[in-house]
Amino acid sequence: NLLTSNFSTLILCILIFSTVSFAAAPDRITGPIVSGQLIKLSAGVPMKARSQYDQGPADPSIELSYMTLLTVPSASQQRAITRLLAQQQDPRSSLYHKWLTPEQYADRFGLSPNDIQKITTWLQSKGFSILEVARARNFIVFSGTAAQAESAFQTQIHNFKVNGEMHFSNTTPP
């Protein structure tokens, strides 16, 4: 009976610790999103959005029907992804070729549900419509007008003619 009790305790501890180690991603956005506190990205303008192709500002009412806000893992999440990928490729590892579902990826490396809620709420407050949240919680697809994108992301949307085709793009990093 003592052996059964110790074994049950061991199993319970293993279950608790395994649950803790695979707990949902922690919140990374600690407060409300405030437009005045946004940080300009160091990149984010397509290579073909060059001045020689620029045809001037886009019509502010043009519908941008498929914009993607892509997120990146935190530094600790990126280290864990790198370790996992190495283990998944190592035939000696117990994780060899054990792939994650998008939901498993989300819980370990994506944004938390709270962070997703904060971002989607902010996008909606700027007039955007949410089209999709990735199952891996690493990107959000939304739509809106050029004017909404210019205002929300503090950039300009211009028309560009490249190889005879008209395109539109932001002219500065969001």
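The values are calculated or read from the model by the stated rules, or taken from the named source; none is laboratory data. These figures come from a predicted structure and were not determined experimentally. Note: ideal-geometry Cβ built from the backbone for every residue, glycine included; neighbour counts use all protein chains shown. Calculation scope for accessible area: heavy atoms of the full protein, side chains included, ligands and nucleic acids excluded. Shrake-Rupley method; radii C 1.70, N 1.55, O 1.52, S 1.80 Å.
Listing for the model above:
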| read-out | value |
| --- | --- |
| Gained length - Ser151 relative to Phe139, 0.36 nm times residue gap less alpha-carbon distance | 2.3 nm |
| Accessible area in square angstrom per residue, the chain, 1.4 angstrom probe | 66 Å² |
| Environment charge at Ala25 (Cβ cut-off 15 Å; Lys +1, Arg +1, Asp -1, Glu -1) | +2 |
| Accessible-area composition of the chain, carbon plus sulfur, in percent [1.4 Å probe] | 60 percent |
| Charge context of Pro174, other residues only, Cβ under 15 angstrom, K/R +1, D/E -1 | +1 |
| Normalised contact order of the range 51-142, rounded percent, pairs of Cα under 8 Å and 6 or more residues apart | 34 percent |
| Average Cα contact separation per residue, the chain, under 8 Å, 6 or more apart, as relative contact order % | 33 percent |
| Using alpha-carbon coordinates, inclination of helix 113-125 to the longest axis of the chain, degrees | 20 degrees |
| Segment Thr120-His167, extension gain: residue separation times 0.36 nm, minus the distance between their alpha carbons | 14.3 nm |
| P(r) of the chain over all Cα-Cα pairs, binned every 10 Å from zero, in whole percent | 8, 26, 26, 20, 11, 5, 3, 1, 0 |
| The range 49-118 - Rg over Rh from alpha carbon coordinates, Kirkwood radius | 1.23 |
| Highest-first arrangement of 128-138, 65-75, where packing means the average Cβ count within 10 Å | 128-138, 65-75 |
| About the Cα centre, charge dipole magnitude for the chain (Lys/Arg +1, Asp/Glu -1 at Cβ), debye | 520 debye |
| Burial ranking of peptide ranges 111-123, 32-44, 157-169, 82-94 (average Cβ count within 10 Å, highest at the top) | 111-123, 157-169, 82-94, 32-44 |
| In nm, spacing of pseudo-spin labels at Lys98 and Ala43 (7 Å Cα→C-beta vector) | 3.4 nm |
| Partners for Lys161 among lysines (Cα-Cα distance below 17 Å; same-chain residues under 8 apart left out) | Lys48 |
| Contour minus Cα-Cα distance for Asp27 and Val72 (0.36 nm per residue) | 14.8 nm |
